[in-house]
Amino acid sequence: MYGDVVHYNCISTHSDYDWCSLDRKFQGRWRYCTGQDPPVCIFPFSFRNKLFRKCTKEGYILNRSWCSLTNDYDKDRKWKQCSPH
């Protein structure tokens, strides 16, 4: 929890790089996130005024599935490619 918001992934609030708290409720102890911290899809998420409850290929020109890393892709623009499995 940072401020009054519960986060389930690394955040970039007040930072140029993603970080996470070392305590359940932020008490000043933190670390930068690394490539070893897998980003997690957030469902449902909104994209182009539609709600998605699973990975989608909509809007991805390479015909691959993707998901948002926040509940509002249009606002936050954070995403990842979904696993093919």
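The values are calculated or read from the model by the stated rules, or taken from the named source; none is laboratory data. In this text, all values refer to a predicted model and were calculated from it rather than measured experimentally. Cβ coordinates were reconstructed from backbone atoms using ideal geometry, including for glycine residues, and neighbour counts include every protein chain displayed. What goes into the accessible areas is simple: the full protein's heavy atoms, side chains included, and nothing from ligands, DNA or RNA. Shrake-Rupley method; radii C 1.70, N 1.55, O 1.52, S 1.80 Å.
Any residue in segment 1-14 that's assigned by the TED database to the domain that holds Ser68: show its pairings with residues that are surrounded by 13 or more Cβ atoms within 10 Å (Cβ to Cβ) at Cβ separation under 8 Å, as long as the two are six or more apart or on different chains.
Short answer, once both residue conditions are applied: none.
Please go through segment 20-53 and give me each residue that is in a strand (DSSP E or B) and either open to solvent by 100 Å² or more (accessible area, probe 1.4 Å) or within 23 Å of Gln81 (Cβ to Cβ) (or both), ordered by number.
Result: Cys20, Trp30, Tyr32, Phe45, Ser46, Phe47, Lys50, Leu51, Phe52.
Return the residues of segment 58-68 that are under 14 Å from Ser83 (Cβ atoms) and open to solvent by 100 Å² or more (accessible area, probe 1.4 Å); say none if nothing qualifies. Working first, answer last.
Start the filter on segment 58-68 by keeping residues that are under 14 Å from Ser83 (Cβ atoms), which leaves 64-67.
Once the filter is applied, which keeps residues that are under 14 Å from Ser83 (Cβ atoms) and open to solvent by 100 Å² or more (accessible area, probe 1.4 Å), segment 58-68 yields only Arg64.
Pick from segment 4-18 the residues that are over 12 Å from the mean Cα position of the chain (by Cα) and either open to solvent by 60 Å² or more (accessible area, probe 1.4 Å) or of a type outside the set (Ser, Thr, Tyr) (or both): which of them is nearest to Lys80 (Cα to Cα)?
Filtering segment 4-18 for residues over 12 Å from the mean Cα position of the chain (by Cα) gives 4-6, 13-17.
Now restrict to residues that are either open to solvent by 60 Å² or more (accessible area, probe 1.4 Å) or of a type outside the set (Ser, Thr, Tyr) (or both): 4-6, 14, 16-17.
Values: Asp4: 26, Val5: 23, Val6: 21, His14: 22, Asp16: 19, Tyr17: 17 Å.
Per the stated criteria, the residue is Tyr17.
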